[in-house]
1. So for the pair Leu200, Arg53, with labels modelled 7 Å out along Cα→Cβ, what separation do we get in nm?
2. For region 145-247, I need the span (max minus min coordinate) of the C-alpha atoms along each principal axis, in Å, sorted largest to smallest.
3. Run through region 128-192 and list the GluC sites (Glu not before Pro) located in a DSSP loop whose Cβ has at most 16 other Cβ atoms within 10 Å.
4. Take the alpha-carbon centre of region 38-61, take the same for region 137-166, and report the distance between them in whole Å.
Amino acid sequence: MTNAFRTHSGEFHTTRWSIVIGAQGHSAADVNASVESLYRQYLSPLYAYVRRRGYSPHDAQDLTHDFFSRLLEKGWLSSAQPDRGRLRTFLLMAMKRFLANEWDRAKAEKRGGGSQLVSLQSEEGERLFSANAAASSTVPDELQFDRNWAMVLMQTTLDHLRREYERSTRPGDFAVLKSCLTAERGGIDYPVIARELQLLPASARSLVHRFRRRFREIFRAEVAGTVSSPEEVEDEMRALILTLGQR
């Protein structure tokens with residue numbers, strides 16, 4: 001196993017079906033890059049899912065890393081077809097099969113001196129698990145996985161938008177404007193924002209609208225990379241946002 005799973009904290013990376021499919025039947029470098037893309041972005045919700053299944057942090061780390069290792073080593077990506085569903089569905093079903101069939105074998109290989117595994121950085125996954133530890137036991141693990149998936153996509157989008165502002169002529173605006181993303185319709189205090197940003201109220205209102213529109217554009221592009229066709233994007237966006245509001 002190479003250092004395929006090094007983490008790039010805060011880096012925006014859209015994992016698209018085209019990347020997954022592009023790895024099939026191609027060079028080892030292409031496959032490695034595809035699995036690394038999946039690992040970087042979707043490790044956290046998968047780790048939290050494994051923890052919800054009752055595994056300890058140590059075992060969840062091993063399980064999640066071994067899962068991605070086997071995506072790379074066993075050619076599981078060859079079964080990924082975008083016309084068969086969403087990327088989150090493919091990864092969750094693959095993880096379920098792995099937990100059912102592969103964990104004992106993976107442990108045996110490690111005891112027998114298998115390849116050296118790269119250290120798993122699972123802090124974000126543990127944070128997701130801990131944040132939802134108080135969730136009702138009646139909440140299905142699959143629904144919690146979808147919630148965590150949505151949270152990761154939201155955070156990735158927010159990080160990307162923050163970096164855009166850091167490169168702009170008004171980098172400090174981001175800290176003021178980000179609270180507008182969760183404000184209810186009619187709940188944004190434009191005069192206060194105008195004072196904080198030293199703008200006229202009308203200019204502040206326009207800036208907030210552009211900020212919210214840009215967030216949606218980035219989020220839409222992120223979601224578009226995980227569904228099989230453009231026609232599914234809006235439905236997937238609505239589904240993910242709905243999961244965040246379910247109790």
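Read-outs throughout are calculated quantities, based only on the coordinates presented, and are distinct from any laboratory measurement. Just so we're clear, the structure is a prediction, and the values are computed from it rather than from any experiment. Cβ: placed from backbone, ideal geometry, glycine included. Neighbour counts: every protein chain shown.
1. Taking the simple label geometry, Leu200 and Arg53 are separated by 5.9 nm.
2. 43, 31, 23
3. Glu184
4. For region 38-61 versus region 137-166, the Cα centre distance is 15 Å.
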